[in-house]
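Structure first, commentary second.
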Amino acid sequence: MLFNSVQFLLFFIVITLAYYSLRWNSRWLLLLLASCYFYMVFKPIYIVILFATIVIDYFAGLWIESSAGVKRKWLLIISIVTNVGILAVFKYFDFFAESFNAVSWKMGLAWSLPILKHLNPDLVLPIGLSFHTFQAMSYTIEVYRGNQKAERHFGIYALYVMFYPQLVAGPIERPQNVLHQFHENHPYDWENVKAGLTRMAFGLFKKAVIADRLALMAGPAYLDPQHHNGLTLLVATFFYTFRIYCDFSGYSDIALGAAQVMGFKLMENFRTPYFSASIKEFWGRWHISLSTWFRDYLYIGALGGNRVSQGRTYFNQVFVFLVSGLWHGASWNFIIWGGLHGLYQVGASIRDKYLKRWNITFPESTWYVYLQTIITFLLVMLTWVFFAVGDNPRLTVGEEVRSSFIILKKMTQLSIHEPIQAALNNVEMWFSVGLIVFLLLKEHYLLHIPTHKDKVFWVVFVVVSFLTYFFGVFDSNQFIYFQF
């Protein structure tokens, strides 16, 4: 069920009204059943896989808490291997099989691995598998660390994994933040309702009006880069940079807003990332729930973070971003995308090391911060080329890498005298640019709309809803991160 659909609007209204009509200690059952229905709309059979992992992790949490020593560690390992194993089969088996077969063919060998999607064309990646897999793993890891008590109520634990607002695209929650909220009474609060609905309205505006409109330019150019010139591809990359932000942060806004209407508080997933003055700052503002997950559990927890030698620290940084890239998609392009961000981090660390050694400082003026912000934005925009092409299901393993370098090559050879080969006319192009400017101004000066006054709420909510209805692109575009 897509957030940008009439079906979800009706679902949200019915479930929210029913939620506040029930006694607080029975609301968990309504939310669990609603979440099951929400998930089964996509592909019903895959809920069996989701519930299998829920059962395994539920009992793993109980056994880990009651065990000690080596047994405790092995229970955690079994839980993690089970979750990662399911994710690997559905998301990565065909990618590694195709890569192996390509290498084998080039070497003249007869070895090959079966491709699951060829054996069973109906086998597709379950919606949101990467998200609820990581959320489930965070639970058993926190129980193992002693930071979270094992949840005794099976229904509440299942709801923790399946809570419909953030089930398919996050944010990836920690049990300490969410589990206790399902045990608490959330009385009707008009202030929460106003703030939540306003956030949902702006989230849908980001998705339907900005992201899906920018896709009309970025999509065709990236689907066929060979027949588009450098200036067109540069504009398409610029548009895609804001498209993916509005698409994903728009989803997060709707998710957080829907939860807030019912009294739940989920973690922030975005904080104006394109205003970052460094790549490190960017990752403190972009997809925060995932970046902190990798920081806490992989970078620090498993690899030792920066408490190791300098060379090992650099390796850890690159490795974590490579894994992050692979998490985003089974494609070499996503791995390259992650690797570039890892190299950015290492490069910044080496630069800061030598600047400190040579006692070189730069003025902390406003203009210097602006320059850093522009450079950071351009570096991030460069990496989105690989991400956008990796998001193209029409390309096979290897083709997406070649396509990405064709785009980069054409962008370096562009001429401002070239015509922009866009599916949008001039008015639509400038309207799209105006939307980007509006987004930046709104998030810079007024990130959250104050809704304490009822008149302000009604004016903002009605105007934003009206603009979304009339200027939105409603053609059943799913959110980009639904496939991750």
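The values are calculated or read from the model by the stated rules, or taken from the named source; none is laboratory data. Quick caveat, the model's predicted, so the values are computed rather than measured. Every residue, glycine among them, receives a Cβ derived from its backbone with ideal geometry; neighbour counts consider all protein chains shown.
Pick out, from the range 1-83, the helices (runs of 4 or more DSSP H) lying fully within it that include 2 or more residues that are closer than 18 Å to Ser138 by Cα.
47-66
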Q: Name every residue in the range 1-12 that is more than 12 Å from Met262 (Cβ to Cβ) and either in contact (Cβ under 8 Å) with a residue 40 or more places away in the chain or β-branched (Val, Ile, Thr) (or both), in order of residue number.
A: Met1, Leu2, Phe3, Asn4, Ser5, Val6
Q) For the range 420-447, which residues satisfy the criterion of being in a loop (DSSP other than H, G, I, E, B), exposed (fewer than 14 other Cβ atoms within 10 Å of the Cβ) and either in contact with a helix residue (DSSP H, G or I) (Cβ under 8 Å, 6 or more places away or on another chain) or without any contact (Cβ under 8 Å) to a residue 12 or more places away in the chain (or both)? A) Ala423, Asn425, Leu446
Q: Could you tell me whether any residue of the range 292-312 is in the same structural domain as Trp337 (by TED's automatic domain parsing), closer than 30 Å to Lys194 by Cα and at pLDDT 95 or above?
A: yes
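Could you identify the single residue in Ile80, Ile47, Ile54 that is without any contact (Cβ under 8 Å) to a residue 40 or more places away in the chain and either assigned by TED's automatic domain parsing to the domain that holds Thr16 or surrounded by fewer than 15 Cβ atoms within 10 Å (Cβ to Cβ) (or both)?
So the residue among Ile80, Ile47, Ile54 that is without any contact (Cβ under 8 Å) to a residue 40 or more places away in the chain and either assigned by TED's automatic domain parsing to the domain that holds Thr16 or surrounded by fewer than 15 Cβ atoms within 10 Å (Cβ to Cβ) (or both) is Ile47.
Looking at Leu326, Leu378, which is the one that is under 27 Å from Gln310 (Cβ atoms) and outside any loop (DSSP other than H, G, I, E, B)?
Testing whether each residue is under 27 Å from Gln310 (Cβ atoms) and outside any loop (DSSP other than H, G, I, E, B) leaves just Leu326.
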**Q.** Tally, over the range 275-290, of residues that are surrounded by fewer than 20 Cβ atoms within 10 Å (Cβ to Cβ) and either among the hydroxyl-bearing types (Ser, Thr, Tyr) or out of contact with any helix residue (DSSP H, G or I) (no Cβ under 8 Å at 6 or more places or on another chain) (or both)
**A.** 1
Q: Report yes if Phe182 is modelled with pLDDT of 95 or more and buried (at least 22 other Cβ atoms within 10 Å of the Cβ), otherwise no.
A: no
Q. Only one residue in Leu424, Leu439, Leu408, Leu447 is touching a Cys at 6+ places or on another chain (Cβ under 9 Å) and either on the phi > 0 side of the Ramachandran plot or not charged (D, E, K, R) (or both). Which one?
A. Leu439
Q | Contacts under 6 angstrom Cβ, first residue in the range 325-336 being under 10 Å from Gly390 (Cα atoms), partner among the β-branched types (Val, Ile, Thr), 6 or more apart | A | Trp332/Val401; Asn333/Val389
